[in-house]
Amino acid sequence: MSYRIYVGNLSYRASEQELQDLFGSEGSRVEAVKIVNDFNTGKSRGFGFVEVATREEMEKETKRLNGFLFKGRNLVVGEAKANLEKVEKRRATHP
């Protein structure tokens, strides 16, 4: 099981590889990285998600990187939580 981390306030120039390198720089096992892009323009929306292997790695990286200056912006890092209302609305409009 992997643990998902929300990463906000990303620079629009940040790449998924750079995020993987940042989160893996202290030895955490990064399993996946996804920067969310706008559906119409394809440009970054300024946030993304990183998946790590263990809860301990998630807690360590969240503590270490929340507020960290990355590409000129202070990251907002925390445990990702499902927004069930948003998921249900999306399912209803996109069968």
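In this structure, the amide hydrogen of Phe68, modeled 1.01 Å from its nitrogen in the peptide plane, lies closer than 5 angstrom to those of Leu75, counting only residues at least 5 positions away or on a different chain. Normalising by residue count, the stretch 3-93 has a Cα convex hull of 97 Å³ per residue.
Each reported figure results from applying straightforward, stated rules to the coordinates on display, with no laboratory input. Quick caveat: nothing in here was measured; it's all calculated off a predicted structure.
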